[in-house]
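Written out below as structure tokens is the structure these notes cover.
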Amino acid sequence: MKKLMLLLSVLLFVGCAASWPQKANLNPVVDDQLDGLYQPGVDVSVNGQDERAGSQIIKIALPDTPVTLIPNQVSPHVMLAERLQNGFQQQGLARGNQSNININVIVEELQATLTKPGVMFNANAKSRIKLTVSNNGNILNKEYNRASSQDSVTRPDIHDLEVLLNEQLSEIMSQALSDNQIRGAIKGQF
């Protein structure tokens, strides 16, 4: 009887394989911005575009399990455009839908991948975001690339993977908001 109970316990434990959530929840942070960097009355339109092949931001590719692809709750290009728009507003720019100054945030790559090539789990994250500033026909293109990796004996959860991407996106947005070339392009100084 004890053997049967032990066997049932083991089967229940093995049968309860870890499941992953249906959606991830990226939440990169934009630090407070200095006001007064732009003259009053200047408006800008910030839009987003996703050029990735798939919508997933997290890929789980562990041995002996099917690959799991997890998208974000909010499309990353929409979220990044909103956060950058808010950052530019704090700096003194007004939101303008019909503006002569347009900033396009293009998500070219954004994914955290969890693998287990040996005894260790490996979380690898890559972000490649392109900003295009268009001001009265003049165009400035900037590309921001980030990559990071973590090894762990224990299996990371989805939050750990989100943190890797959040750190990269926060850093990219901070760099874009403080980029002197972008500021010059918004002011018409190409």
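Cut-off is 10 Å between beta-carbons; in what order do Met173, Met120, Met79 appear when sorted fewest neighbours first?
Going from sparsest to densest Cβ surroundings: Met120, Met79, Met173.
Among Ser75, Ser127, Gln91, which residue has its Cα positioned farthest towards the positive end of the charge dipole of segment 60-148, with +1 placed on the Cβ of Lys and Arg, -1 on the Cβ of Asp and Glu, and the dipole taken about the Cα centre?
Farthest towards the positive end: Gln91.
Suppose every K and R has +1 on its Cβ and every D and E has -1 on its Cβ; what is the size of the dipole of segment 31-186 about the Cα centre, in Debye to the nearest 20?
300 debye
Tell me which of Gly41, Ile106, Gly137 sits at the most positive position along the dipole axis of segment 31-186, charges placed on C-beta atoms (Lys, Arg +1; Asp, Glu -1).
Gly137
Which whole-number percent gives the relative contact order of the chain, counting Cα pairs below 8 Å spaced six or more residues apart?
Once normalised by length, the contact order is 22 percent.
Please arrange Glu162, Glu143 by counting, for each residue, the other beta carbons lying within 10 Å of its beta carbon, fewest first.
Glu143, Glu162
At 4 °C and 1.567 mPa s, grab the translational diffusion coefficient of segment 93-187 from Stokes-Einstein with a Kirkwood Rh over Cα pairs, rounded to a whole number in µm² per second.
For these conditions, the coefficient is 85 µm²/s.
Counting Lys and Arg as +1 and Asp and Glu as -1, each charge on the Cβ, what is the dipole of segment 94-185 about the Cα centre in debye, to the nearest 20?
It comes to approximately 260 debye.
As a test, work out the antiparallel percent of DSSP beta bridges whose residues both lie in segment 31-186, rounded to the nearest 5.
Of those bridges, close to 75 percent are antiparallel.
For a quick check: sort Val74, Val67 by the number of other beta carbons within 10 angstrom, fewest at the front.
Listing Val74, Val67 from fewest to most nearby Cβ atoms yields Val67, Val74.
On full extension of the chain, what length is gained from Gln90 through Glu51, given 0.36 nm per residue of separation minus the C-alpha to C-alpha distance?
Using 0.36 nm per residue and subtracting the Cα-Cα distance, I get 11.2 nm.
Roughly what would the spin-label model give for Asn180 and Asn97, points 7 Å off Cα along C-beta, in nm?
3.7 nm
Values in this text are rule-based calculations from the coordinates and carry no lab data. Keep in mind the model is a prediction, meaning the values are calculated, not measured. Here the Cβ is made from the backbone with ideal geometry for all residues, glycine too, and neighbour counts use every protein chain on show.
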